[in-house]
Structure formats: structure tokens, C-alpha cells
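Shown next, in C-alpha cells, is the structure this report addresses.
Read-outs: derived from the displayed coordinates by stated rules, not from any lab. Nothing here was measured: the structure is a model prediction, and the numbers come from that model. Here Cβ is always computed from backbone atoms with ideal geometry, including for glycine, and neighbour counts include all displayed protein chains.
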């Protein structure tokens, strides 16, 4: 069964290696799990899962593998023992104690055991069965005044139940990203060069020079390594991008806050790029695309963000631009090609899910730019493409 | 279900651990693997190592990682410039290279006569390749000094605690060798316990109200930096010193600057109409 669990984890795309598995077996043989599923849950997680973004997948896999193992005898015993332990009632208020005294503890215990036998499923918000949030006398977070709180803080919940709660869902990687995560990804965009003031001791040069001086020490300094990366961000602010505004804003602020770039420039466009780009999101101030291409060196890393989803004529026709008072002499696709030809590395990030990428215009844009999803994984892959050394 | 002999660490009076973290620490000690701890800032990642050292009465060595730190710095430094200088001015015995080898934190941990706790703090700050450069040393617990052709082997394998703010991805090969724990943000009950350690005489109603406001504040998505445990503890101190009562706290949020460290975040709360003033009781 344990080996099944291993494959369930692999099936959920958690990168578990055999070495880690053997480590877990070693820990188990040392008796670390105390034959308890809860201890096993945390033990296996700490040894097999090395990234919080996989915690949710782990929860799902755990649930899948150990679903059948519910309310093990050990836990039932624990509860019954708890019922007999008067000192745990100390923190009850006098009112609660008075209420409790109205109950026959023995009868309550019997009822409890009986309900436990009857119960087969996880149970929420009912008025009879054991579970959470209900008004039955037993359970957690309930409202029954004479009720018995089955579990204390955390510790005693069953492992499968903890797994079911999926606390780590927000840490999944295939979800779209928050600013901090984007910053981490953007950090990989670096190109270290020796720049600026000469502050670091160049040991080899110092020794060499000292020898040449016949032993008279001469210290040689060199500038420290700094990031030389230059980034150009082009964002689609068109109507179809409205649902993704927060996402694009997030990417923008991540790039903007990243102080380690040597230069960072950003412009907006509307659906497709034509002879003009806009310097603000409301598209009042504009710059000529051609002059921008002249100004910026080919070594800028270009990130285009847009859904690339438009009417085909917007992309391929002259005068196809969506704004009727804007007549473009050159088709959008040609402008895209010019950008691609000018800069050595460009990527296109698309917030649309990948299964929609077979649409005509998206397909055409993909032939010009390598396209990646605007998720953490997509951004990661895209950045890898950007920093790849171009011939 | 009795406590076994390898249940070494159970937290200290000043430091409350969740059962999962306690297990992770003990597994790491028993399996002699480094423990990698991640989590939000202010959840006590660094304090963990200090408290393990205190609980097990072992000396603590701290290696603070900076962006310029290289793996070899932790092992030893060969002070060429000093030697060059001595050679020039005839100070000391230049032929004894040993004199110019200084051990870094990792080197000190290896050569210490007793087992030590070694904290490698904020490993993610270093270069991306940094953890890989340490793989062998952490695995084998020995290293070679090129200059003196000496081999340093750990007397007792140190208990290694590594913290990371997850700014950079750590390499897989490195992760495979670690025991990993993510310190989740404490839930209310655990938080009340943690606060109790720092402010044992805090009035219950004030604590309840403060926690209420604190967790509500953490729910505000517009905040760029959410307040963490350390900020809560400072804030409670401010509330006690300022003589704020639980009733006042229900209506106002005094000393918000202790909780929110970014001006834009304070602005967000002001726009939401939060009242910062209170009348001293």
C-alpha cells in the first residue's frame, strides 16, 4: 500500500525520487510515525515534498491513497479516553460546566460510540451525526450548547481530514501568479557584467603586478559584477484584456519594482502593435514604433503580454486597426515581425488558457513569437527562453 | 504512543512549535539531514535554530548568506593579502600557510569538538549555484583545503538548519537531501499560545480583540505586505504601553504603523475609513 502511495504522488506530478522514498522508509523503521496516520502525514510530507507549491497535490494524493482509512480505532479510543478525563474540562466556563452536568456522561459516551458505528461518511453541518459545523452534540465548531467538541486545536484531526481541507491550495504553481512570484521569475533575467566603480580586489592582477614590481605590493581593483539586463515590456490594454487587468498590472509592478535591471521600458498597445505605441494605459501619449526600434538596442529582452485574440483583419490587413479613426498603412503582423527581427530575444505571454491557442490570430502570432501562458510555469519557461544565449 | 528517545526537540519556553515542525526537526536530527525551513517573513524561521540550540544545550554557529557569499567562504578563507603583506614586511612565518587559513562557519562546525547547531540563514540570497556547491560538503561532512593539502572531516555531524525566503528556486539535487518544512502562518489558537509566551499577563479580552483585528487585517488583499507574527507581538506591546482597551480597539486601529510597514498599505487602510486615533483611558 505504501508503494501505491509513492506512485500516487508521482501521478500527481510531485517529483519524488527513490532516494527520498528510502529516507522515508528509514524514518519509518526508526519508529517515527508512531503507527499514527497523522504523524505519517507530516513525516512523509517533510521528507518527500520539498516545495509548498506541491503541498496541495500532496493533500490530494494523500486523500486518494488513504481515503479508506477512516476513524482508526486509535482515534476513537482517544476520544473515549478524552471523555473520561475530567481535567480537560478545566477551561470551560461555569455556565458550560453547569450545562455539562445536566448530561449523563455515561449515556453520552454510549451514544457517541453508537453514532460513530453508524457513521460511514464524513459529515458536515448536520444535527445528528458526528462532524463539523453542525448542532449535533458531537463534533467540531458546532453550536449545540451541551455539545462535545471532538477535537482540540489542530493536533487531533484525522490526517485524511486535514488533507481534505486543502489548506495549501493557494500555493499551487499552475495557478496564475502573484507579484512576488513574478518577481522571483523575473530575477532570472540577469546578465552579470563587471560595471561601475572599481571596488573589488582583483587578486590575480594584484599578485601579477606585485611580482612585476619586484615584491612592492600594488593592489589592483576591479568593478563588481552587476546586472546588465535590459527589459522592454509591451502590454495589450485592449478591451478583450479587461478580465486580465489585475494580472497584467501585477506583472508590470513586479517588473517595475525589480530594481536590478539596467533599464526597464514599457509601452501599451491596443489589440495589436501598429506604427504607434502608447506610454500610458489610457493611450493618450504615444511614441512611434519605428523610432523606438531605432532607440533600443537589439539586446533588450522583450516581453509582450496580450491575448493575441482579435479579428483576423486587425492582424493581416492594412487599415485593419480596430479604431476607425486610426488607419494603419502596414499590417499589424508586419509590425510584429519587425519587432521580432530587431530584438534578439522576445517572448509573448498569453493569459488565455492554452487550449484556446488554436484560434486563427493566436496561431499567426505564435508563428512570430514563442508563446507562453501567463502562469508561473509559463513565465518560468518564457524567461528561460529569453536568457538562452542567442547565436 | 510513548515519547521515544529521538524526540529530542519539543520547543522551548520562548518558542512554541507546531507538532508538524517538531516532528520535522526531530526527523532531521535523527536522519542527520539538513532541515530546510521556508515560510512567510516573521514566522520565526531563524529563531527556530536559536531555540533548537538552546533546547538541546548545544553551541550555535550562524552563517548569514549575502548575495556575494560563495560556498567556499563557509569552509575556509585563505588570506592571500595578509600573507603577501607579511612577506613584504617580514612579519611572522610566511612559509606556514596554515596561519593564513581561516575557517568559515561550516568549517568551524566541522572542527568543533562537540556537536553544534549550524544555521545557514537565507540561503536563497546567494547565487543560484550556491546550494549545489555545498552539496558534497553537507552530504559527506568533510572538505579539502587545497593550499595545505589537508582534509577536514566533521568530528560530530552538526545539526544543520537552513532558512529560505523562497526568492529563488533551490536546485532539486539539493532539495532531495533535505528535510523540508513550510512554516504556515499560525492559526488563531497557536497564535494565542505564541503571544502568551511574549506577553504572559495580557488581558484576555484585549488579546481576543487584537487577534480579531489582526486576522481581519491579514484578509485585506490590497495590502502589499501582510503583518506577521513579529509585528503582532510588537503591536500588542504598543497597545499595552499605550493603554488601549479592548473596547477602543473594536472601533479604532491605533499604532497601525507597527503592523503595516509600507506607506501605501497604510493609505489603503485609511481609504477604507479606518480610525487611527484613540483616547487614552
Expected integer from the mean partner chain Cβ neighbour count at 10 Å over A:203-212 is 1
By the Cα gyration tensor axes a ≥ b ≥ c (a/c under 1.5 gives rounded; else a/b larger than b/c gives prolate, otherwise oblate), the shape of the range B:1-152 is prolate
So the FRET efficiency between residue A:205 and residue A:263, C-beta based with R0 = 22 Å and rounded to 0.05, is 0.15
Most fluctuating of B:204, B:111, B:69 in the GNM of chain B (C-alpha, under 10 Å) is B:204
Of B:56, B:146, B:253, the most mobile residue in a GNM of chain B (C-alpha springs, cutoff 10 Å) is B:146
Longest principal axis of chain B (C-alpha) makes with the long axis of helix B:229-242 (C-alpha) an angle, in degrees to the nearest 10, of 50
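Across peptide B:179-190, how many C-beta atoms of other chains are within 10 Å of each residue C-beta, on average? Numbers along the way, then the final one.
Working: counts 7, 10, 5, 10, 1, 5, 0, 0, 3, 1, 3, 2.
Taking the mean over all residues of the peptide, I get 4.
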In degrees, nearest 10, the alpha-carbon axis of helix B:130-140 is tilted away from the dominant principal axis of the alpha carbons of chain B by 70
When B:48, A:296 are arranged by how many other beta-carbons sit within 10 Å of their Cβ, fewest first, they go A:296, B:48
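Multiply the residue separation of residue B:87 and residue B:185 by 0.36 nm, subtract the distance between their alpha-carbon atoms, and state the gained length in nm to one decimal. Display every interim value, and only then the final one.
Working: separation 98, 0.36 × 98 = 35.28 nm, distance 5.59 nm.
Value of the extension gain: 29.7 nm.
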Under the helix-only model (-39500 (n - 2.57) for each DSSP H run of 4 or more, divided by the residues of chain B), the mean residue ellipticity at 222 nm, to 500 deg cm²/dmol, is -12500 deg cm²/dmol
Bridge orientation stat for the range A:274-370 from DSSP, antiparallel percent rounded to 5, came to 40
In degrees rounded to 10, the 0-90 angle between helix B:204-218 Cα long axis and the longest Cα principal axis of chain B is 70
Using alpha-carbon positions, the gyration tensor of the range B:1-89 gives root eigenvalues a ≥ b ≥ c; with a/c under 1.5 called rounded, otherwise prolate if a/b exceeds b/c, else oblate, the class is prolate
Assertion target for B:97, A:347, B:233, ordered by fewest C-beta neighbours within 10 angstrom first, is B:97, B:233, A:347
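Of all the Cα-Cα pairs you can form in the range A:267-391, what percent are over 24 Å apart? Intermediate values should be presented prior to the final figure.
Details: 2027 of 7750 pairs.
Every Cα pair in the range A:267-391 considered, those over 24 Å come to 26 percent.
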Note on chain B: alpha-carbon gyration tensor, axes a ≥ b ≥ c; rule is a/c under 1.5 for rounded, else prolate if a/b larger than b/c, else oblate; result prolate
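Peptide A:44-55: average number of partner chain Cβ atoms within 10 Å per residue?
Details: counts 0, 6, 15, 9, 2, 3, 13, 8, 8, 2, 1, 2.
Mean shielding by partner chains, rounded to a whole number: 6.
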A correct fewest-to-most ranking of A:357, A:348 by other Cβ atoms within 10 Å would be A:357, A:348
